[in-house]
1. Once amide H atoms are built 1.01 Å from N in the peptide plane, which residues 5 or more positions from V183, or in another chain, come under 5 Å H to H?
2. Kindly write out, for the range 142-151 in residue order, the coupling ³J(HN,Hα) from the Karplus curve 6.51 cos²θ - 1.76 cosθ + 1.60 (θ = phi - 60°), rounded to whole Hz, with x marking Gly and Pro.
3. Show me the ranking of peptides 112-121, 16-25 by mean Cβ neighbours inside 10 Å, starting with the highest.
4. Can you list the residues, at least 5 places off or on another chain, whose amide H is less than 5 Å from the amide H of G89, using H built in the peptide plane?
5. Assuming a strict under-22 Å limit between Cα atoms, what lysine pair count do you get for the chain once near-sequence pairs (fewer than 8 apart, same chain) are dropped?
6. Helix by helix, which DSSP H runs in the chain go 24 Å or more along their axis at the Cα atoms and have an average Kyte-Doolittle hydropathy of -1.0 or more?
7. In which sequence would I163, I318, I107 go, from the one with the fewest C-beta neighbours within 10 Å to the one with the most?
8. Need the full-extension length gain, N161 to S130, defined as separation in residues times 0.36 nm minus the C-alpha distance. One decimal, nm.
Amino acid sequence: MRQTDKLENAATLPAVKEKVLGSLRSLVVGQDEAVEQLLISLFARGHALLVGVPGLAKTLMVSTLASILDLSFSRIQFTPDLMPSDILGCEVLRQDPRTGAREIQFIRGPVFANVVLADEINRTPPKTQSALLEAMQEGRVTSGGETRPLPAPFMVLATQNPIEQEGTYPLPEAQLDRFLLQVNISYPSMEEEKRIVALTTAAPPAPPPKVLSARDLSALQEAVREAEVTASVLDYAVRLARATRPQAGSELSRLVTWGAGPRASQSLVLAAKARAVLDGRFAVSAGDIKAVAAPVLRHRLVLSFQAEAEGVRPDDLIAGIMAGLD
């Protein structure tokens, strides 16, 4: 694709954003910040972890987004007995009823979709969690010695309930690091909750109209990568990610066991590019980096026991780190 074509595609993103938001609002009430972060993750070609208590429309938000973008969608309910083959697929021995010939055939699992909803992802053991690592990073699946590409675009949207500990497993750090953003879903306001009750207790609304095709979305994702990042903004993103890593004797070392790795620096820049272009700007500012810092970094910090005992939140630490860099 030529540079001019990419810029023309990028110029349409603010209008696309408004169309997507308009379609989503016909079914999803409120949660504007969460929806915008989902769009940032989508157009940055990243994955997102949605964290919130039950009943906040996380699943509805994901399935509706896939529908209005005309993308293939699959839902995987993560449970303690889920196996890697339940996600990736498996090889089976098939016999032709006419000839009697036998052959090994690969049956594709639900991961072979544009949008994969990993529902309650922390309810399955690390062995099964690891099945998603290659898919999320390389966009492919290896099984039986053969590597198969996943459909493009490909996005994993995982949900997690933060209040339940029974029957759950902590997500491996390697998997957490593959999520571009952690999107925190909050309770609706009083007016929003009344609208939710009115909407969900009435006749089902009509399905929202399609906004984009998979091919159009892939072109827009490529255009987002062309947004300009100056040396000073790039420097700020890297310094911010590095500042989360505790140094011996510092106050941060008392609160943080492990900071964000190099993938966090990449994620800060990619998410900031998507935010800028969705806003109609083709140059990333330090303000874009700051706006995406919390959802990019909050799941990449491993807090110490002292921090948890004192009720320190990752977002508070990130805000303090940014204040120290200004």
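1. It is L49, L50, V51, by chain and number.
2. 10, 8, x, x, 10, 9, 10, x, 8, x
3. Details: 112-121: 22.4, 16-25: 17.8.
Highest to lowest by the protection proxy: 112-121, 16-25.
4. Here G109 satisfy the definition.
5. 13
6. Those that clear 24 Å and a mean of -1.0 are 262-278.
7. Ranking I163, I318, I107 by Cβ neighbours within 10 Å, fewest first, gives I163, I107, I318.
8. Values: separation 31, 0.36 × 31 = 11.16 nm, distance 1.97 nm.
Residue separation times 0.36 nm, minus the Cα-Cα distance, leaves 9.2 nm.
Every read-out reported here was derived from the displayed coordinates using simple, explicitly stated rules and does not represent laboratory data. Bear in mind the structure is a predicted one, so any value in this text is a computation, not a measurement. All Cβ positions, even for glycine, are placed from backbone atoms using ideal geometry, and neighbour counts span all protein chains on display.
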